[in-house]
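First up is the structure itself, then whatever we jot down about it.
The values are calculated or read from the model by the stated rules, or taken from the named source; none is laboratory data. Values in this document were obtained by computation on a predicted structure and should not be read as measured data. Here the Cβ positions follow ideal geometry from the backbone for every residue, glycine too, while neighbour counts run over all protein chains shown. Heavy atoms of the whole protein, side chains included, go into the accessibility calculation; ligands, DNA and RNA do not. Shrake-Rupley method; radii C 1.70, N 1.55, O 1.52, S 1.80 Å.
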Amino acid sequence: MASVNPFNLSDSEEEAERGPNETVDTERSPSDGAPGPPGNPFSPPADAEPPALPMSGNRTSPSGVGICVSASAPTAMAGTAETRISVDGIAAQLLKDQYILTALEFHTELLEAGRELPRLRDYFSNPGNFERQSGTPPAKDQVLGPGGPLNRAGSISTLDSLDFARYSDDGNRETDERVAVLEFELRKAKETIQALRANLTQAAESEIPSQERKNFKSSPDIQEPIRPLEKRALNFLVNEYLLKNEYKLSSITFSDENDDQDFELWDDVGLNIPKPPDLLQLYRNCGSSLTSPRERVDASVGVDLGDLSEIRFAQEPVKKPDLSQQQQTEVVQELEYQLNLLSGEKQSLADQIKKLQSEIQTLKRAVSSPPPTSLDLVSQNSPRPSSSSSSSNSNSCSTNPSVPPTDNGQHLDIGRVSESENVSAPPSNQNTSHPHLQCCNKVVRQQLVQFDQPNRKLSPAFQQALLSFCRMCSDSRLGAEVSRIADNEDSVMLMLGRCLPHIVPNVLLAKREELIPLILCTACLHPEPKERDQLLHILFNLIKRPDDEQRQMILTGCVAFARHVGPTRVEAELLPQCWEQINHKYPERRLLVAEACGALAPYLPKEIRSSLVLSMLQQMLTEDKADMVREAVVKSLGIIMGYIDDPDKYSQGFELMLLSLGDPSERVVNAVHQVFIPAFAAWTTELGTLHTALIPSLLARIEKLLKQGERGLDEHKLHIFLSALQSLTPPLFAVVLQNAPFTSRVKLHGDIPAIEVTRFPRPASPLQDMATIIGSREMLSALLLLYDHQLEHEGTTGWGSLLWVVNQLLPQLIEIVGRINVTSSTCVHEFSRFFWRFCRTFGKIFTNTKVKPQFQEILRLSEENVDASAGNGILTKATVPIYATGVLTCYNQEEDRKLLVGFLEDVMTALSLSHAPLDSLKASFVELGANPVYHELLLTVLWYGVVHTSALVRCTAARMFELLVKGVNETLVAQRVVPALITLSSDPEISVRISTIPAFGTIMETVTQKELLERVKMQLASFLEDPQYQDQHSLHMEIIRTFGRVGPNAEPRFRDDFVLPHLHKLALANNSQSVESKKIDISIHLFEAYSALSCCFISEEVMVNHFLPGLRCLHADMEQLSQEHEVILSSMIKECEIKVENRGMSDTQGSISIASSLVGEDAKTKFLSKMGQLTTSGAMLANVFQRKK
């Protein structure tokens, strides 16, 4: 027998370095009394017949068929080569003897060691091995133990279904129970699905009629059509092949095209049989009928055909016409299977031989030419290099208790290798980053490590047994890594690739980012694509919910990785990791994906940037529900727009801009204006479509919106389009500067004045800063000097981009402004803000010479037009407030303020004299009054109206004070407003005096100074108590309306002492009103006022003396005018009386709320319904108040 048995080597190089404790103990003395070491999977039960001891020659087939061992086996056991069984043989024996749990533990340990065994993987991934439907016979290739097929326990999951993340130290244990229940329900559903698939399988097998099958068999040229089950099975194998061979993007595309199939579960195919071999195995075995791995037999010495046929008869109840021929075929197939196994082992041995041979060659070269400093030491310690090397090897073996003293295949005799097998060391084993001499010095330093040898004659076996008492552990995964020191960079990378997956789960979550440099370095330099993919997967799953700092660290690492490996590996290795996390349940992980797409954009192939990455981000923008994720998506889309160069993607970019602008989250919209729109505008500037396509498209959408919104304008969409135009203003001005006639005259030498801080509006982000868009502040300053000079002295001839702004953009914008609703404060504010930023961006000269003339031409304000006969319809539209607040306020110098004051005075005069609506003037006052800077200016305009000769203008000025009082400080109210109102309150025209009442009421509502309140109170009292006003019906209505508006918010003492008593007097006087129309008007306003004041806290005295008497007077009128209102008033009176009685019984109650509760649900319903009707005009309510006949 040869001294080196090829079956002694395990399936991997790591197993070759394990100690003798892992091998089957064949040299134990019979006196030990134990059949093997503890936990030996081959230890039989106490009542079972002792099985034959398995060894290398006794290979056990996967189906449980034992192959006879020759009689020379005991002799081989006694030889120098220690017997060793293969890992696959151990697995087969465990499955044969039904040691399922032991096999599962064995499988788990192999997985942890990175040595997955196909036999165990196929067995434990097939649910058919653990459960069987009632009435369904077991598959012929199913392993049948003494107890029959296994019944799957309800609480046991297969290995593939285990979610190890659930049991991590950072898992959310509160959801574990719910997850377990859901898994149980899912498992029961899958069992039902499997039962249905069994029926479908039988139906699918009989899809093609038997006659057609005969035709296909008789005519080989005719291809039988593919069956659905065959198609699904082939799809599964093709997808598996793509994944195994790193075609991940192709696999993703293939999965999308077959979205009706689950490629992660073989049972989804619909066949209740184990999965066939992969495509590579099918290709290698084409031409011979393949069998399942469980039907194969490991044969290395001989086969007992009797045993084989016996097992075949037990597993195949269907009779075959020629059993002997079938058995021979199976034996041949088993032998081929063994041949494949041996070929793989031979290849691994050859690789090991080559590696060792290359190391010996390196050592020989180093020893043959050592450096001078180490030559003497070498000659003293090792006079013969070969013997010294042999001695060193033997010493190192003797000091390691894990290495057996005899050669059992772990240490090969390199000297016996033929010269034809000598191969030079591969480049990966050489240090290419250092000179060759440095590499040799390293090897010599390693070789020079010598230890003193004792002058003893101990046998190697005794020495090994003696050293075994040293407590060292090299038979575990970690022990093997510790005992094997890496001697070069490649070995370090391999070691890190093996160890990092075991290190990461045991590091605290708060400190896991410390592993990022180690993971990235290993992923960059590791030679195995599978290991690199695993490391990058660990990187993206390193932290369950990474915070901002942790995400920044991971992104920094991804960018460093991309710079190091290049675009091809970024596409193949990093992008699939992003794709896997795109629908992760934690928003922090999806946020990491969104940010990674933007960070990696500069390092991706341009085709991938404009296709796959753009599609990923678009999907996340439309589907993700987290605001912070969509915000990051928008920013990454902006970065993509900065690197995209495919003009066909313009339309997609435009739609993405509109989609993101319509996002409900404010932070997403801000990201659009800060990042996406500037980047998209920069791209359209390069394409030349900014002012020819992008801005005209937005204007067209605004016009379409205005046409559709004649009945009701969608102000939100208008805001979206207008804000986009506003963000495009800086890029548009940059286009005007860069395409100007003077660009060739720009000089950056000499003294260039600095740009004023207030020259441009404050940018929303650095990307909207004009200096950033142009390139530098020096270039921008030089261009601005030439720009102002060109506009002031040379004109715009030949300046195409500026002519487009003047002749097309501005007229279209002014036309749009004239069509919006002037009463919509939101629209007015948006357009005013847009024109203000537009004029500030293009400069003062442009505003004075190009913008203002176009507005003035449309408004046509002149001395001839400002009279009572000529009405100007444009003055009632939104053009007035937008021109006043958006254009005339851009610059705040003296001449600009004078122009604004004159414009407002002219508009007030023109609207007053033409009896036109004052909505445009009110909108101007509201917009300007929001800024305290313009309060003095507005008071100047109103004083012009106070002293105007026309009573119509004075009435308008009095009504404008009501709008201004709310925003002006009390000092200005005392010094400027109240004197002007008192002046108007003594005006000869009664209409002017009446117009001051709302302003006085607003002062009572907003001012707290007692002196002011007393002055206003005296003026209002004069209106009510002066005999000259007793018959002024319009004045009484205005006072009642004002009291109802300001009463709930006014000072309580003013309300109790002044408002309620005078309302009582007015209600009492209305009882004696003889004119029915006036009585109806007063009743309407009194009912509204009392309804508003009923929600206030009123003292008992005022309640009894004024409020209840006033309600009774009004109730008397309502009995004649409106039955419905009379019911509501009756309930209010009754409730007040009840409250007063309760207060008399208990003094602890303070003030009451009248409308807090009404008597009965019917009264409540009627009261609320009538209150809703009060929002309509008095003319519409007139029909309600009809005198009873």
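Given the criterion in a helix (DSSP H, G or I), acidic (D, E) and out of contact with any helix residue (DSSP H, G or I) (no Cβ under 7 Å at 6 or more places or on another chain), identify the matching residue among E830, E778, E792. Please lay out each step first, then the result.
Working: E830 fails: out of contact with any helix residue (DSSP H, G or I) (no Cβ under 7 Å at 6 or more places or on another chain); E792 fails: out of contact with any helix residue (DSSP H, G or I) (no Cβ under 7 Å at 6 or more places or on another chain).
Just a single option satisfies the conditions, and that option is E778.
Within the range 1081-1096, take every residue that is outside any helix (DSSP H, G or I) and open to solvent by less than 30 Å² (accessible area, probe 1.4 Å) and give me the one that is nearest to K1065 (Cα to Cα).
The qualifying residue nearest to K1065 (Cα to Cα) is S1094.
Mind listing whichever residues of the range 596-617 are touching a residue at least 24 places away in the same chain (Cβ under 8 Å) and in contact with an Asp or Glu (Cβ under 9 Å, 6 or more places away or on another chain)?
Selection gives L604, P605, K606, I608, R609, S610, L612.
Restricting the first residue to the range 761-778 and requiring it to be more than 18 Å from A671 (Cβ to Cβ), which pairs with a second residue that is open to solvent by 80 Å² or more (accessible area, probe 1.4 Å) meet a Cβ separation below 7 Å and a spacing of at least six or different chains?
Listed pairs, sorted by first residue: A771/R777; E778/L748.
Just wondering, is there one or more residues in the range 1097-1116 that are under 18 Å from E1038 (Cβ atoms), open to solvent by 10 Å² or more (accessible area, probe 1.4 Å) and free of Cβ contacts under 8 Å to residues at least 12 places away in the same chain?
Looking through the range 1097-1116, none of the residues is under 18 Å from E1038 (Cβ atoms), open to solvent by 10 Å² or more (accessible area, probe 1.4 Å) and free of Cβ contacts under 8 Å to residues at least 12 places away in the same chain.
For the range 986-1023, give me the residue count where each residue is among the hydroxyl-bearing types (S, T, Y) and open to solvent by less than 10 Å² (accessible area, probe 1.4 Å).
3
Limited to the range 640-670, what total is found for residues that are under 19 Å from D548 (Cα atoms), open to solvent by 50 Å² or more (accessible area, probe 1.4 Å) and of a type in the set (A, V, I, L, M, F, W, C)?
Adding up the residues that qualify gives 0.
Those residues that are open to solvent by 70 Å² or more (accessible area, probe 1.4 Å) and more than 22 Å from E571 (Cβ to Cβ), I need them from the range 514-553; list them, please.
Correct list: E514, P517, L518, R545, D547, D548, E549, Q552, M553.
Which pairs do you get when a residue that is open to solvent by 20 Å² or more (accessible area, probe 1.4 Å), found in the range 1038-1066, comes within reach of a residue that is modelled with pLDDT of 85 or more, reach meaning Cβ atoms under 6 angstrom, with the pair 6+ apart or on two chains?
These pairs meet every condition: E1038/I994; E1038/I997.
Taking the options C839, C827, name whichever one is hydrophobic (A, V, I, L, M, F, W, C), open to solvent by less than 70 Å² (accessible area, probe 1.4 Å) and within 38 Å of the chain's Cα centre (by Cα).
It is C827.
Only one of these is crowded, with 17+ Cβ neighbours inside 10 Å and either more than 18 Å from Q726 (Cβ to Cβ) or modelled with pLDDT under 90 (or both): L810, L803, L791. Name it.
Only one candidate passes the filter, namely L791.
Take L911 and tell me if it is within 19 Å of T983 (Cα to Cα) and in contact (Cβ under 8 Å) with a residue 24 or more places away in the chain.
Spelling it out, it is not the case that L911 is within 19 Å of T983 (Cα to Cα) and in contact (Cβ under 8 Å) with a residue 24 or more places away in the chain.
So if I check each of N583, N506, which one is surrounded by fewer than 17 Cβ atoms within 10 Å (Cβ to Cβ), within 29 Å of S610 (Cα to Cα) and either outside the structural domain of L110 (by the TED database) or among the charged types (D, E, K, R) (or both)?
Testing whether each residue is surrounded by fewer than 17 Cβ atoms within 10 Å (Cβ to Cβ), within 29 Å of S610 (Cα to Cα) and either outside the structural domain of L110 (by the TED database) or among the charged types (D, E, K, R) (or both) leaves just N583.
Just give me the residues in the range 100-121 being open to solvent by 40 Å² or more (accessible area, probe 1.4 Å) and of a type outside the set (A, V, I, L, M), in sequence order.
Hits for the range 100-121 are T102, E105, F106, T108, E109, E112, G114, E116, P118, R121.
S991 is checked against (1) touching a residue at least 40 places away in the same chain (Cβ under 8 Å); (2) closer than 27 Å to I882 by Cα; (3) not basic (K, R) and fails just one. What number does that condition carry?
Unmet condition: (2).
Looking at (1) open to solvent by 50 Å² or more (accessible area, probe 1.4 Å); (2) free of Cβ contacts under 8 Å to residues at least 12 places away in the same chain; (3) in contact with a helix residue (DSSP H, G or I) (Cβ under 6 Å, 6 or more places away or on another chain), can you tell me which one E815 breaks?
Exception for E815: condition (3).
Of L904, L918, L875, which residue is at pLDDT below 90 and either open to solvent by 60 Å² or more (accessible area, probe 1.4 Å) or not charged (D, E, K, R) (or both)?
Details: L904 fails: at pLDDT below 90; L918 fails: at pLDDT below 90.
Of L904, L918, L875, the one residue that is at pLDDT below 90 and either open to solvent by 60 Å² or more (accessible area, probe 1.4 Å) or not charged (D, E, K, R) (or both) is L875.
Working carefully through the options R484, R471, find the one that is at pLDDT below 75 and more than 30 Å from P529 (Cβ to Cβ).
The conditions single out R471.
In this structure, does L939 turn out to be surrounded by 18 or more Cβ atoms within 10 Å (Cβ to Cβ), part of a helix (DSSP H, G or I) and at pLDDT below 90?
Taking the combined requirement at face value, the residue does not satisfy it.
Residues in the range 874-899 that are out of contact with any Phe, Trp or Tyr (no Cβ under 8 Å at 6 or more places or on another chain) and either of a type in the set (D, E, K, R) or in contact (Cβ under 8 Å) with a residue 24 or more places away in the chain (or both): how many?
Residues in the range 874-899 being out of contact with any Phe, Trp or Tyr (no Cβ under 8 Å at 6 or more places or on another chain) and either of a type in the set (D, E, K, R) or in contact (Cβ under 8 Å) with a residue 24 or more places away in the chain (or both): 13 in total.
Of all residues in the range 686-715, how many are part of a helix (DSSP H, G or I), open to solvent by less than 40 Å² (accessible area, probe 1.4 Å) and within 15 Å of E830 (Cβ to Cβ)?
Residues flagged as part of a helix (DSSP H, G or I), open to solvent by less than 40 Å² (accessible area, probe 1.4 Å) and within 15 Å of E830 (Cβ to Cβ) within the range 686-715 amount to 5.
Confirm whether F676 is open to solvent by less than 50 Å² (accessible area, probe 1.4 Å), part of a helix (DSSP H, G or I), outside the structural domain of D645 (by the TED database) and closer than 23 Å to Q618 by Cα.
no
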